[in-house]
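Each remark here refers to the structure printed beneath this line.
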Amino acid sequence: MAMQLTLKKIRLVLILTLLLENPVIEAQVAFSSEHDLVTRPALSRSQGHPEDRGTKLVSEIVSRTVTDYLSACHLVLVTSKPSAFPASLLRRDLGTGWVTVQAESAMSGAPSSQVALLQGLWGAADASCRAIVVDLTNDNDRSVFRFLEAAGLSERPKTRVLMLGPENRAAASLLHPVLKNSVYAVYFSTVESNANSSWIEVIRRCLYCREGEAGVVPLGPWHSREATPTEEELFPDEFRNFYGHKFRVVTLRYFPFIEYTRESDAPGTKVSPRDCLDLRILSTLASRNNFTFEIREPHDGEWGVPRADTGNWSGSVGALQHDLADFSMNLTPTRDRIRVIRFSRVYVSDPYVLVSAKPGILPPIFAIVRPFTADVWSSVVACTLIAGVVLWALMWAWKRVFGGRGFKLSDALMYPCSLLLEDPPTEPPDATSARVLLAWWLMACVVIGTAYRSSLVAFLTVEGKTPPINSFDDLVKRPGWRWGMKPSTGSFFAYFNSSKDPTTQLVNKGMEVDDLEGQMKKVMAGGYSFVSTKLYSRSVIASQYTDSRGYTPFYTGTREYHHPPGNSWGVRRGGPFRDYLSAKKLQLMEAGLINYWLDDVIRTNVRETRAKETQQRISAQDQSEGRVVLGLHHLQGAFYLLFLGHSVALCTLLLEALTQRLPFARTSSRGGRKTPAPWIA
């Protein structure tokens, strides 16, 4: 018992110490049992003031709203000055953690205190939801909005905001820039018609209801005797209808994900998208949820890399970082990019592969030695020499001991060779030990010879080819081999410059940078590999470097290097539509439309590219002057005429045969008997 009292005193002393050290901080105290004291830090001191009738009614409606719909949320209460409202609200059993903040005191404190305050403001990271109640009944609203801006409310779009204040400031408060990304924001104001009657006017913020822009929607008056507004009325789904909202999209050309036509040569020009995967996704969502979009290139034409130590980024990432665009299509998430922008769900993976010339046919002159590898041939030669030396030693010992016939060293070395070539000498050695050795060697020769002959037949039947290039290890191990990639300031650059793998670092050191046409020419020349993404190389090779019979001179390596986590869309910080994009892309993935569209885009592009090239080739031949090589399309008239002549001759032959077999056919009568004419077959 004494020990429990001591622990209780220690806890109370710690709480008092915390209160004395920082006058802005207050502790939330909740008793779960008689001897169990739980403390949680909060961020303001709420002093009780007398409540008038309007404040009491607002408190009641807001408290019921919090209890009914936000009971599982971490709650933050913000006031500009000491107010009676938070005290009346917190007297209710919320069932969750809460934090109160007096904005003027919080923003006027030391910078270190402000940092500590903001770090603990939004509760634990695993909180299921968060809500904030803002008291604007005092005249100093500026300090409250300054605090909300410093607290990063604009980067938490799903935080539910409940505001209360005068009726005449409802629209200005709900449309304040600090709430530009807030999906759910409701304003409660007191309206008094006379001395004995008052009610609460409830107004909701909407993201896109004013022709695609943010606006306010009155929900009507509520009295204390009435039921609180429903959750659908207070917090509706804002993404069912965007009311024609125009999204600002930034991207760069990267087929099959992005393909477009530039409207001008100016930096950051507007582009007209063509058929591609991301356009199909975006157009489908736009038609279903009623929004439009405008696509532009980044001003510097880059995907996005950090600029020295300034903290700013270039390209598409920089446009999102500085709120110059809403989202970017086809942007690869990286650890550094996630620090400045956000990403929606990954919807496809496009790994890195190696594109090389197809393995060539090995010279047939060396086919006789290809059945065995170099290690096997070395082992056979070594074993043959060892067997000859051992045979010579055995015969020398036999001659010294028993006086028999010995072998010269040259004869002993050639004896195992003759057995291996299936041409043994006629006289076997006299020594028994030598005969045993040669018997085992003969068995080995049978196995080796059988394996060699069967493999030789296979190698002579199927022509051998040079080993293909499948991985980065093959690149660095191949003597004199070169490799390169297209100019890149995106995930390519980040992947090769941040990799810790020694082989990847070695590949990065020897990387040659050139455009697509230059890379393909080097690959065709041989001794060169092109590092590219799988889907891009697949579409380029199929459309530009594959003939009508499906033959292509290029080979794509089997090893895939995934740059985690995959391809996604970048979203500006606080973009409220990020979860909407992620959810819709997940639905398209589960329906199988992403993979279907991807394959269809590539097939369609291949058909269009080949048809265009064929038409251009025919047009060039028709417009060219001088001699041309005659083709089938030039001589088709002659072949038609030839087929017509054959048809006429065949019809004539059939007509002759039918005519001669008729009853009035020509005959000759000799001896009173009719005989057919001699020319009738």
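The values are calculated or read from the model by the stated rules, or taken from the named source; none is laboratory data. In this text, all values refer to a predicted model and were calculated from it rather than measured experimentally. Counting neighbours? That spans all protein chains shown, and the Cβs are built from the backbone with ideal geometry, glycine included. The accessibility values were calculated without ligands, DNA or RNA, using every heavy atom of the protein model including side chains. Shrake-Rupley method; radii C 1.70, N 1.55, O 1.52, S 1.80 Å.
Could you list, in sequence order, all residues of the stretch 396-434 that are farther than 20 Å from ALA382 by Cα and either among the basic types (Lys, Arg) or part of a helix (DSSP H, G or I) (or both)? Scanning the stretch 396-434 gives TRP396, ALA397, TRP398, LYS399, ARG400, VAL401, PHE402, ARG405, THR432, SER433. If you go through the stretch 397-453 and keep only what is at pLDDT below 80 and on the phi > 0 side of the Ramachandran plot, you end up with just GLY403. Would you check if ASP336 is surrounded by fewer than 18 Cβ atoms within 10 Å (Cβ to Cβ) and of a type outside the set (A, V, I, L, M, F, W, C)? When the stated conditions are applied, ASP336 passes them.
Against the conditions (1) surrounded by fewer than 17 Cβ atoms within 10 Å (Cβ to Cβ); (2) in contact (Cβ under 8 Å) with a residue 12 or more places away in the chain; (3) farther than 27 Å from ALA542 by Cα; (4) not hydroxyl-bearing (Ser, Thr, Tyr), LYS358 satisfies every one except (3). Here ALA387 clears all of (1) among the hydrophobic types (A, V, I, L, M, F, W, C); (2) modelled with pLDDT under 80; (3) open to solvent by less than 50 Å² (accessible area, probe 1.4 Å); (4) over 30 Å from ASN330 (Cα atoms) except the condition numbered (2). Comparison of PHE239, PHE255 shows that the only residue that is open to solvent by less than 60 Å² (accessible area, probe 1.4 Å), among the hydrophobic types (A, V, I, L, M, F, W, C) and modelled with pLDDT under 90 is PHE255.
Scanning the stretch 541-556 for residues that are out of contact with any Lys or Arg (no Cβ under 7 Å at 6 or more places or on another chain), outside any loop (DSSP other than H, G, I, E, B) and under 20 Å from GLY360 (Cβ atoms) gives ILE541, THR556. Looking only at residues in the stretch 479-492 that are in a loop (DSSP other than H, G, I, E, B), under 15 Å from MET511 (Cα atoms) and not polar (S, T, N, Q), the one that is most open to solvent (accessible area, probe 1.4 Å) is PRO487. Can you tell me which residue within the stretch 515-535, out of those that are assigned to a strand (DSSP E or B) and either small (Gly, Ala, Ser) or more than 21 Å from the chain's Cα centre (by Cα) (or both), is nearest to ASP599 (Cα to Cα)? The residue in question is SER532. Residues that are part of a helix (DSSP H, G or I) and at pLDDT 85 or above were ranked within the stretch 494-514; the one that is most open to solvent (accessible area, probe 1.4 Å) is LYS509. Within the stretch 166-188, being assigned to a loop (DSSP other than H, G, I, E, B), in contact with a Phe, Trp or Tyr (Cβ under 7 Å, 6 or more places away or on another chain) and either small (Gly, Ala, Ser) or open to solvent by less than 10 Å² (accessible area, probe 1.4 Å) (or both) holds for no residue. If you filter the stretch 390-406 down to residues that are open to solvent by 70 Å² or more (accessible area, probe 1.4 Å) and of a type in the set (A, V, I, L, M, F, W, C), you find that the one that is nearest to LEU419 (Cα to Cα) is TRP392. Name every residue in the stretch 260-316 that is open to solvent by 50 Å² or more (accessible area, probe 1.4 Å), out of contact with any Gly (no Cβ under 7 Å at 6 or more places or on another chain) and at positive phi, in order of residue number. Result: ALA308, single match. Only one of the listed residues (LEU581, LEU516) is free of Cβ contacts under 8 Å to residues at least 60 places away in the same chain and not charged (D, E, K, R). That residue is LEU516. Of all residues in the stretch 215-234, those being farther than 12 Å from TRP199 by Cα and either modelled with pLDDT under 80 or not in a loop (DSSP other than H, G, I, E, B) (or both) number 12. Of the residues making up the stretch 412-445, just one is among the polar types (S, T, N, Q) and in contact (Cβ under 8 Å) with a residue 24 or more places away in the chain, namely SER433. The listed residues are VAL115, VAL99, VAL134, and the only one of them that is out of contact with any helix residue (DSSP H, G or I) (no Cβ under 8 Å at 6 or more places or on another chain), at pLDDT 80 or above and either within 19 Å of PRO229 (Cβ to Cβ) or among the β-branched types (Val, Ile, Thr) (or both) turns out to be VAL99. Can you spot a residue in the stretch 550-557 that is at pLDDT 90 or above, out of contact with any Gly (no Cβ under 7 Å at 6 or more places or on another chain) and β-branched (Val, Ile, Thr)? Within the stretch 550-557, one or more residues are at pLDDT 90 or above, out of contact with any Gly (no Cβ under 7 Å at 6 or more places or on another chain) and β-branched (Val, Ile, Thr). The single condition among (1) open to solvent by less than 40 Å² (accessible area, probe 1.4 Å); (2) within 25 Å of TRP398 (Cα to Cα) that ASP430 does not meet is (1).
Within the stretch 361-390, how many residues are assigned to a helix (DSSP H, G or I) and free of Cβ contacts under 8 Å to residues at least 60 places away in the same chain?
18
Looking across ARG559, ARG538, one residue alone is at negative phi and assigned to a loop (DSSP other than H, G, I, E, B). It is ARG559. Do we have LEU362 as at pLDDT 85 or above and on the phi < 0 side of the Ramachandran plot here? Spelling it out, it is not the case that LEU362 is at pLDDT 85 or above and on the phi < 0 side of the Ramachandran plot.
Selection over the stretch 339-355 of residues that are assigned to a strand (DSSP E or B) and open to solvent by 30 Å² or more (accessible area, probe 1.4 Å) gives a count of 1.
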